[in-house]
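Taking it in order: structure first as structure tokens, then the write-up.
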Amino acid sequence: GSTDGLGIAERYMIAMLDVPVAAKRLSCMEFKSQFKQRYADIVKMISDVETACDDVKMSAGLKMVLKAILKVGNQMNDGKSQGFRMDTLLKLPTAKAFDKKTTILQYVIMVLGRNDTSALNFPEQLKGVKGAARVTMESIGSEISSLEKDLKQSLQALEVVSLEKAEGGMDGGKELVDAGRKIESLQLRRSTLHTKYSGVITY
């Protein structure tokens, strides 16, 4: 009979009953509608980390600050260490210097203030680090893998619809092929980024 008295949700379900492999169609449509934004988000994540890597390598101020920390550490420990562990940096605000009152961080700032105040402006040279601090190499890989998985499912859905010779067919083959190419480009950028990131860690 007439469906005019039914609610919107019920009328929708009745209409969908006649659509072949509806679930797979909807899954594919969802992927296509979300792909552009998901792709853009991953590109931004990669760009943020790339910028941060460049900032760290290029910052003369950071190099001077780390050098000062090493020098102060050697003075305190009466040693000639060539380097220090990165987690040592987290102890600088609490560890006490020679007078047992001033923290090592305050002493380092004092030393830099006497010798070269420009080094204290190093955060200005590391503006890209803040955005990258919310990103991990693992999260980039995970997002790309998720895109690949969803693309594969969408291609399978498209194949099923074609095999079913479903009425009205289903568009999107070209879009999915283009999405595949873009995902490949993301993988390439991720590989390049990993090399750059590893280089900064070594540096």
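The values are calculated or read from the model by the stated rules, or taken from the named source; none is laboratory data. This structure is a prediction, so every number in the text was calculated from the model and none was measured. Please note: Cβ atoms are built from the backbone with ideal geometry, for glycine as well, and neighbour counts cover all protein chains shown. Heads up: the accessible areas ignore ligands, DNA and RNA and are worked out on the full protein's heavy atoms, side chains in. Shrake-Rupley method; radii C 1.70, N 1.55, O 1.52, S 1.80 Å.
Worth pointing out:
- Positive-end extreme of charge dipole, segment 16-104 - chosen from I42, V72, L62 (charges on Cβ): V72
- Between 0 and 90°, nearest 10: helix 104-115 axis offset from the chain longest Cα axis: 70 degrees
- Between helix 8-17 and the chain: long-axis angle, C-alpha atoms, 0 to 90°, nearest 10: 70 degrees
- Estimated distance in nm for a label pair at K32 and D178, the labels positioned 7 Å out from Cα along Cα-to-Cβ: 1.1 nm
- Relative contact order (percent, whole number), the chain, Cα cutoff 8 Å, 6+ residue spacing: 35 percent
- Size descriptors for the chain, from the alpha-carbon set: Rg then Dmax equal 27.9, 94 Å.
- Computed packing ranks the peptides 30-43, 142-155, 89-102 as 142-155, 30-43, 89-102, most packed first, by mean other Cβ atoms within 10 Å.
- Stokes-Einstein D (µm²/s) once Rh is taken as the Kirkwood radius of segment 61-179 over alpha-carbon pairs, at 4 °C in 1.567 mPa s: 67 µm²/s
- Fraction of accessible area attributable to carbon and sulfur, the chain (%, probe 1.4 Å): 56 percent
- For the residues G79, G180, G113, a GNM of the chain with alpha-carbon springs under 10 Å puts the largest fluctuation on G79.
- Once the 1.4 Å probe is applied to the protein heavy atoms, the chain comes out at 69 Å² accessible per residue.
- All alpha carbon pair distances within segment 15-87 were sorted into 10 Å bins beginning at 0; the resulting P(r) in whole percents reads 15, 21, 17, 13, 12, 10, 8, 4, 0.
- Modelled label positions at K80 and K96, each set 7 Å beyond Cα in the direction of Cβ, lie 3.1 nm from each other.
- Under-5 Å amide H pairs with A95, H placed in peptide plane, nonlocal only: I104
- Calculated mean residue ellipticity at 222 nm for the chain: -23500 deg cm²/dmol, from DSSP H runs with n ≥ 4 weighted as -39500 (n - 2.57), summed, divided by the residue count and rounded to 500.
- Crossing angle, helix 22-58 versus the chain [Cα axis fit, 0-90 degrees, rounded to tens]: 10 degrees
- Dividing the mean sequence gap of close Cα pairs (under 8 Å, 6+ apart) by how many residues segment 82-129 holds gives a relative contact order of 20 percent.
- Where labels lie 7 Å past Cα in the beta-carbon direction, separation of S191 and M13 in nm: 4.9 nm
- Among A15, A23, A60: highest mean-square fluctuation, GNM of the chain, C-alpha pairs under 10 Å: A15
- GNM flexibility winner over the chain from D18, D48, D116 (Cα, springs under 10 Å): D18
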